[in-house]
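*Asks:* Shown below is the structure under consideration.
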Amino acid sequence: MELICPAGTPAAFREAVDAGADAVYCGFRDETNARNFPGLNFSRDELRDAIVYARKKGCMTFVALNTFMRAGNEEIWYSAAADAVRLGADALILADFGLMAHVREHYPEQRLHVSVQASASNPEAINFLVEAFDAKRVVLPRTLTIGDIARIGRKVKCEIEVFVFGGLCVMAEGRCSLSSYATGKSPNMNGVCSPASHVRYRQDGSDMVSELGTYTINRFSQGEAAGYPTLCKGRFDIGDARGYAFEDPVSLDVMGEIEALKDAGVSALKIEGRQRGKAYVAEVVSTLRQVLATAPSGRGPLLARLRALSEGQKTTVGAYEKRWR
Amino acid sequence: MTELTLGPVYYLWDGPKWRDFYYRIADEAPVDRIILGETVCSKRQHFIEPYLAEVVERLERAGKSVAFSSLALVTLERESRIVKELIETSDHAIEVNDLSAIGLINGRRHLVGPLINVYNGPTARLMAQRGADRICLPPELPFSSIARIAEDTSDVALEVMVFGRMPLAISARCAHARSKGRIKDNCQFVCGEEPDGLPIKTLDRQSFLVLNGVQTMSHTCQLLLGELTDLQEAGVNAFRLSPQDCDMARIAAIFREMLSGSLGPEEAATLIGHCYPSAKFSNGFHHAREGAAWISRAKNTAHAS
């Protein structure tokens with residue numbers, strides 16, 4: 001199985017390549033990709049250099065253009081696609097059907113992957129994208145169990161890539177407007193979720209309050225670590241109950257299940273984290289590389305090291321296990 | 001002539017309540033088109049099935065056009081089968097709400113629901129080429145995008161949601177069941193206990209969202225009134241009302257009066273507030289702001305009247 005690794009900066013890109021990535025995915029420094037954070041991503045020149053570096057080491061480069069084109073400004077996405085193709089991207093990762101159609105028409109040879117943001121969660125949806133746009137691979141939404149993935153794998157006419165490590169979306173990706181409801185900025189339209197520009201921490205007595213826009217997302221008592229106010233990882237009152245309404249502040253780690261994923265027909269494992277630093281990327285990629293190279297019985301210490309790398313050190317297998325629902 | 005569409009009931013209402021709601025719509029609501037059927041959770045379908053035929057018959061007898069809604073999130077084999085059967089066997093128009101339905105319905109006339117990501121003209125044109133007659137655009141879209149899509153797309157009718165809590169997210173996980181100590185697989189349909197959604201408040205007691213099974217909706221109710229003229233002039237030819245647990249027949253009548261010019265937006269807002277007294281209204285998405293915001297449009301309202 002291929003290991004698909006994130007890079008938010010040229011330095012992280014080189015680390016990922018050196019640590020043994022089969023492919024590195026990245027995006028341009030604008031709203032055309034779903035990690036449009038300040039200080040992240042690539043200029044055209046940086047992408048060209050990165051692709052050259054990766055090629056030399058036998059590593060592929062995937063370029064994410066996985067936001068939805070803003071009506072009337074499609075040219076921004078079209079020129080990003082043109083440049084990614086020209087610079088030699090091995091695949092474009094797309095979510096918008098209009099953009100998929102454009103790429104198919106203008107660059108018929110270009111390999112096209114379906115982004116998780118497209119929310120293709122069943123065989124009919126995936127086969128539609130294969131037939132309509134000649135998609136070669138689909139990144140599955142984090143809404144499926146391993147059993148679901150195996151069933152889908154038998155029925156689709158393209159490769160399957162799944163997220164195995166890093167941040168975890170609770171909602172079906174690409175179908176969530178929670179962030180823009182609170183801030184006006186969304187993953188689909190702006191490439192951001194719960195953006196830092198709208199985050200505020202406020203001391204209230206002995207509590208630390210984290211806010212997104214005008215909404216309180218969490219409240220931490222003294223001594224409790226104050227996490228980032230990602231909307232769906234907040235603490236709320238739901239009827240009479242109080243707690244993490246959607247999901248605890250955990251991250252995804254299904255490396256313990258990679259044999260089952262392999263049996264399910266998965267051809268690529270994806271690491272989330274283009275916003276993470278180069279040291280983190282290097283450590284995660286090299287550890288996952290070692291996991292893949294080690295027999296299942298010997299993986300224990302490596303899996304423990306991965307858990308230590310996870311956000312808050314709490315992890316979940318998420319929807320891959322049925323009880324999560 | 002601008003049409004009014006009544007979107008599907010997103011909530012779980014028990015069968016008789018659901019049937020009686022539509023009987024009243026058939027008898028009293030001046031809407032042109034009704035989208036029927038379970039959209040949010042495949043587990044709920046059996047609640048309405050016994051009443052479906054009589055509701056369709058009553059609505060059609062009243063001269064309404066009826067279309068069936070497909071499921072929003074399809075992950076299980078059973079759900080794939082439901083969508084397939086709906087498309088293969090239905091003698092009514094279908095409103096598609098997920099990619100599998102878009103794939104399966106190719107070439108047949110159909111409607112595209114607001115849960116499909118149509119953010120631009122090229123995507124709208126692609127939908128039209130595949131057989132879409134009408135697209136209800138996602139609630140997140142600002143007016144500038146709506147106007148541009150309308151300009152770019154002449155061969156498909158466009159619809160915009162103007163009333164109702166906005167569908168903001170959907171998950172494989174059921175936060176509604178979890179909040180009551182259950183999980184999706186043994187939920188015992190606890191979402192039916194809240195026919196207008198289960199409120200989520202912040203720890204500072206701000207009303208924020210509501211849960212509707214696996215769906216998360218806005219606490220605020222989208223309300224576009226002063227904006228209708230701009231939308232009509234841009235080429236939007238239908239407005240969608242999304243059912244809440246309130247007097248929807250009356251709300252439809254208020255919108256109809258507004259469209260005929262006999263009621264101004266401010267009076268309409270007051271009357272709608274009376275019909276749905278628990279609601280806080282918003283129109284932020286339309287104005288390219290946070291969706292929860294209410295932007296007062298004194299200037300444009302004056303222009304519209």
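*Asks:* For B:Ala249, what is the net charge nearby, where nearby means another residue's Cβ is under 10 Å from its Cβ and Lys, Arg count +1, Asp, Glu -1? Spell out each step's value before the answer.
*Replies:* Values: positive: B:Arg24, B:Arg250; negative: B:Asp27, B:Glu28, B:Asp247.
Neighbour charge sum, excluding B:Ala249 itself: -1.
*Asks:* Please report, for the Cα atoms of the range A:139-215, the Rg to one decimal and the Dmax as a whole number; what are they, in angstrom?
*Replies:* Gyration radius and largest Cα-Cα distance of the range A:139-215: 17.4, 58 Å.
*Asks:* Moving on. Report, as an integer, the average count of C-beta atoms from other chains found within 10 Å of each Cβ along A:183-194. Walk me through the intermediate numbers first.
*Replies:* Numbers: counts 4, 11, 1, 4, 0, 5, 7, 0, 0, 0, 0, 0.
Partner-chain Cβ atoms within 10 Å, mean over residues of A:183-194: 3.
*Asks:* For the protein assembly as shown, what does the helix formula give at 222 nm: sum of -39500 (n - 2.57) over DSSP H segments with n ≥ 4, over the residue count, nearest 500 deg cm²/dmol? Intermediate results must be reported in sequence, preceding the final value.
*Replies:* On the way: 22 runs with 215 residues, N = 630.
-10000 deg cm²/dmol, from helical runs alone.
*Asks:* Treating only the Cβ atoms of Lys and Arg (+1) and Asp and Glu (-1) as charged, compute the dipole magnitude of the protein assembly as shown about its Cα centre; round to the nearest 20 debye. Mind dumping the intermediate values first?
*Replies:* Numbers: 73 positive and 77 negative charges, 311 e Å.
Using Cβ point charges on Lys, Arg, Asp and Glu, the protein assembly as shown gives about 1500 debye.
*Asks:* Further question on the same structure: For the range A:86-113 and the range B:1-59, compute the distance between their C-alpha centroids and round to whole Å.
*Replies:* Centre-to-centre (Cα) distance: 41 Å.
*Asks:* Rg(Cα) of chain A divided by 2.2 N^0.38 Å? Could the numbers behind the result be given before it?
*Replies:* Values: Rg = 19.4 Å, N = 325, 2.2 N^0.38 = 19.8 Å.
That works out to 0.98 for chain A.
*Asks:* Another question about this same structure. Show me the trypsin sites (Lys or Arg not before Pro) within the range A:8-78 that DSSP assigns to loop and that have at most 14 other Cβ atoms within 10 Å of their Cβ. Can you show the working numbers first?
*Replies:* Details: sites: A:Arg14, A:Arg29, A:Arg35, A:Arg44, A:Arg48, A:Arg55, A:Lys56, A:Lys57, A:Arg70; in loops: A:Arg29, A:Arg35, A:Lys57, A:Arg70.
Loop-located and lightly packed - A:Lys57.
*Asks:* Sticking with this one: Quote to one decimal, in nm, the extra length available between B:Glu257 and B:Gln232 on full extension: 0.36 nm per residue of separation minus the C-alpha distance between them.
*Replies:* Contour length minus Cα-Cα distance gives 7.5 nm.
*Asks:* Related question: Sorted from largest down, give the three principal axis spans of the alpha carbons of the range B:3-304, whole angstrom values.
*Replies:* So the three principal-axis extents are 52, 49, 36 Å.
*Asks:* Can you bin every Cα-Cα distance in the range B:1-91 into 10 Å intervals starting at zero and give me the percent of pairs per bin, rounded to whole numbers?
*Replies:* Spelled out bin by bin, the range B:1-91 gives 16, 49, 29, 5, 0 percent.
*Asks:* Let me ask something else about it. Assuming 0.890 mPa s and 25 °C, estimate D for the protein assembly as shown with Stokes-Einstein, Rh taken as the Kirkwood radius over Cα pairs, in µm²/s.
*Replies:* Values: Rh = 25.0 Å.
Rounded to a whole number, D works out at 98 µm²/s.
*Asks:* Among all stretches of chain A without exposed GluC sites (Glu not before Pro) (DSSP loop, at most 12 other Cβ atoms within 10 Å), which one is longest? The partial results should precede the final answer.
*Replies:* Numbers: sites that count: A:Glu109, A:Glu224.
Maximal segment without exposed cleavage sites: A:110-223.
*Asks:* Using the basic label-point model (7 angstrom from Cα toward the beta carbon), what is the A:Glu131 to A:His106 distance in nanometres?
*Replies:* A separation of 2.7 nm, rounded to one decimal place.
*Asks:* A follow-up question, please. Counting only other chains, what is the mean number of Cβ atoms within 10 angstrom of the Cβ of each residue in peptide B:65-73? It would help to have the intermediate numbers written out before the result.
*Replies:* Numbers: counts 0, 0, 0, 0, 0, 0, 0, 3, 8.
So the per-residue partner count for this stretch is 1.
*Asks:* Tell me, what is the FRET efficiency for B:Asp155 and A:Lys57 to the nearest 0.05, using R0 = 60 angstrom and their Cβ-Cβ distance as r?
*Replies:* Values: r = 49 Å, r/R0 = 0.82.
So the FRET efficiency works out to roughly 0.75.
*Asks:* Turning to a different aspect of this structure: Taking R0 as 51 Å, what FRET efficiency do you get between B:Ser296 and A:Ser79 from their Cβ-Cβ distance, rounded to the nearest 0.05?
*Replies:* Details: r = 38 Å, r/R0 = 0.75.
Efficiency, rounded to the nearest 0.05: 0.85.
*Asks:* Would you mind getting me the FRET efficiency between A:Glu259 and A:Tyr228? Use the beta-carbon distance for r and R0 = 41 Å, nearest 0.05. Please list the in-between numbers first.
*Replies:* Details: r = 33 Å, r/R0 = 0.81.
Here the calculated transfer efficiency is 0.80.
*Asks:* Between the range B:134-178 and the range A:232-286, what is the separation of their alpha carbon centroids in Å?
*Replies:* About 29 Å separates the Cα centre of the range B:134-178 from the one of the range A:232-286.
*Asks:* So for the range B:202-305, taking the charge dipole from beta-carbon charges (+1 Lys/Arg, -1 Asp/Glu), which of B:Ser218, B:Ala269, B:Ala238 sits furthest toward the positive end?
*Replies:* B:Ser218
Only the coordinates and a few stated rules stand behind these numbers; no lab work does. What you see is a predicted model, and the numbers here were worked out from it, not measured in a lab. Because the Cβ atoms are built from the backbone with ideal geometry, glycine has one as well, and the counts that use them run over all protein chains shown.
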